[in-house]
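The structure under discussion appears below in the form of C-alpha cells.
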Amino acid sequence: MRIVETRARTQTSRPDRPAGSLTGDRAQWPVYLALSAGALVVVFPFVWMLITSLKTLEEASGYPTGTAFWRVFIPSWQFGNYIEAWNAAPFGRYFLNTVLVALAVTACVLVTSTLAGYAFAAIPFPGKNAIFILILATMMIPHEAGYIPNFVIVKTLGWYNQYPALIIPWTASAFNIFLLRQFFASVPADLWESAQLDGASRLRYLFQIGVPLARPALITAGLFSFVGSWNSLLWPLIVIQDPQMQVVQVGLTNFVSADRPTDWHLLMAASAFTALPIIAIYMVAQRYFVEGIARSGIRG
C-alpha cells in the first residue's frame with residue numbers, strides 16, 4: 001500500500017510536458033554548440049602554436065604543394081626546439097626581470113586602485129564625480145599616446161635604463177579604479193556605520209573589513225595588471241637599452257629579423273614557455289576572476 005502511495009505522489013509531483021517538446025539537456029544543445037564553437041576559435045591559436053613549436057623549420061615554414069591537409073597537424077615532435085629557443089637568448093634573466101617588474105606593478109596598482117576606488121565609492125568630497133569621469137575618460141586614450149611624455153619624464157628623472165622606468169609609469173590603472181569603485185559601492189553602508197560605533201577610522205575599516213570582502217575584485221584587478229605588465233613590449237623597447245634589463249616579450253624579437261627568415265618553430269617554442277606562467281596563474285585564479293567581475297557590477 002505504501003509503495004502504491006509513493007508512486008502516486010511521484011507521478012502527481014511531475015509536471016506535465018507537452019509531447020514532442022525539447023526538455024532537459026536537449027533544450028540546451030544550441031547553447032552548448034555555440035559555446036563549443038567559440039571555445040574552438042579561442043583555443044585553436046594556442047594549439048597551433050604548440051604544434052608548430054614541435055616542427056622542424058621546413059615544416060613550420062610550409063609544406064610542398066599537394067601535401068594532405070591533415071599532415072600539417074602532425075608535427076615531427078622536435079622537443080629540442082624548446083632547449084634551442086631557451087638558449088637563443090638569456091631568457092632566465094628576462095624572466096627574472098619580468099617577474100620583478102610585473103609583481104611591483106601589480107602591488108602598486110592594487111594599493112592605488114583600492115584607495116582610489118574606496119574614496120570614489122564611499123567618501124564624499126567636492127568634485128568627486130567630475131574627477132571620476134576624468135579618470136574614466138583616460139581609458140579612451142591609447143597607451144601609445146602617452147609614451148612620449150612619459151619618456152620625457154623618465155629621462156628627466158634619470159630613470160632611463162632602470163627598473164623605475166618600467167614600473168612607476170604603470171602604478172595606477174583607470175580600469176582597476178573603476179573595478180574597485182564598483183565593488184565598494186555595492187558594500188552595505190551598515191558595515192561602515194557599525195565600524196564607526198566601534199571607533200574605527202576610514203583606513204582601519206577599509207583594510208580590516210573592505211579589503212577582505214573585496215578579495216575577488218582585488219584578484220581580478222591584480223590579474224589584469226600582471227598580464228598587462230607581462231605582455232608589455234613597446235615600452236621596454238623605448239626605455240631599456242641594456243640587454244640584461246630586458247623582459248621576456250623583447251626576448252621573442254630575437255627570432256624575428258629583417259636579415260634572415262623567421263625561425264617560426266623556435267618563435268612558437270619561446271612563445272609557449274613565455275605564455276605558460278600566465279596560463280597557470282589564470283587557471284588558479286579563474287574562480288576569483290569570474291566572481292570579481294560578477295560582484296563588481298560589470299556586464300559585457
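The values are calculated or read from the model by the stated rules, or taken from the named source; none is laboratory data. Keep in mind the model is a prediction, meaning the values are calculated, not measured. Please note: Cβ atoms are built from the backbone with ideal geometry, for glycine as well, and neighbour counts cover all protein chains shown.
Okay, here's what the table says:
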| read-out | value |
| --- | --- |
| The stretch 183-210 residues that are under 23 Å from residue 221 (Cα atoms) and part of a helix (DSSP H, G or I), paired with ones that are at pLDDT below 90 and among the basic types (Lys, Arg) (beta carbon under 8 Å, 6 or more apart) | 183/295 |
| Condition broken by residue 116, with the remaining ones in (1) of a type in the set (A, V, I, L, M); (2) more than 24 Å from residue 219 (Cα to Cα); (3) at pLDDT 90 or above; (4) touching a Lys or Arg at 6+ places or on another chain (Cβ under 9 Å) satisfied | (2) |
| Verdict on residue 219 being in a helix (DSSP H, G or I), under 23 Å from the mean Cα position of the chain (by Cα), of a type in the set (A, V, I, L, M, F, W, C) and within 30 Å of residue 145 (Cβ to Cβ) | yes |
| Checking residue 241 against (1) touching a residue at least 60 places away in the same chain (Cβ under 8 Å); (2) assigned to a helix (DSSP H, G or I), the condition it does not meet | (2) |
| Residues of the stretch 255-284 classified as surrounded by fewer than 15 Cβ atoms within 10 Å (Cβ to Cβ) and either charged (D, E, K, R) or touching a strand residue (DSSP E or B) at 6+ places or on another chain (Cβ under 7 Å) (or both), total | 2 |
| Residue within the stretch 212-235 that is among the aromatic types (Phe, Trp, Tyr), modelled with pLDDT under 90 and touching a helix residue (DSSP H, G or I) at 6+ places or on another chain (Cβ under 7 Å) present | no |
| Hey, residue 246 polar (S, T, N, Q), within 30 Å of residue 268 (Cα to Cα) and buried (at least 18 other Cβ atoms within 10 Å of the Cβ) or not | yes |
| Residue 178, sole failed condition from (1) within 30 Å of residue 275 (Cα to Cα); (2) of a type in the set (Phe, Trp, Tyr); (3) touching a Lys or Arg at 6+ places or on another chain (Cβ under 7 Å) | (3) |
| Condition check for residue 72: in a helix (DSSP H, G or I), loosely packed, with under 12 Cβ neighbours inside 10 Å and either out of contact with any Ser or Thr (no Cβ under 7 Å at 6 or more places or on another chain) or charged (D, E, K, R) (or both) | no |
| Residue check for residue 192: farther than 30 Å from residue 236 by Cα and hydrophobic (A, V, I, L, M, F, W, C) | yes |
| Any hit, the stretch 150-159, residues being over 30 Å from residue 246 (Cβ atoms) and either buried (at least 18 other Cβ atoms within 10 Å of the Cβ) or touching a strand residue (DSSP E or B) at 6+ places or on another chain (Cβ under 9 Å) (or both) | no |
| Which numbered condition residue 131 misses (of (1) out of contact with any Phe, Trp or Tyr (no Cβ under 6 Å at 6 or more places or on another chain); (2) within 30 Å of residue 237 (Cα to Cα); (3) of a type in the set (A, V, I, L, M)) | (2) |
| Residue check, residue 134 aliphatic (A, V, I, L, M), exposed (fewer than 14 other Cβ atoms within 10 Å of the Cβ) and within 27 Å of the chain's Cα centre (by Cα) | yes |
| Which listed residue, of 156, 52, 138, is outside any loop (DSSP other than H, G, I, E, B), at pLDDT 90 or above and not assigned by TED's automatic domain parsing to the domain that holds residue 182 | 52 |
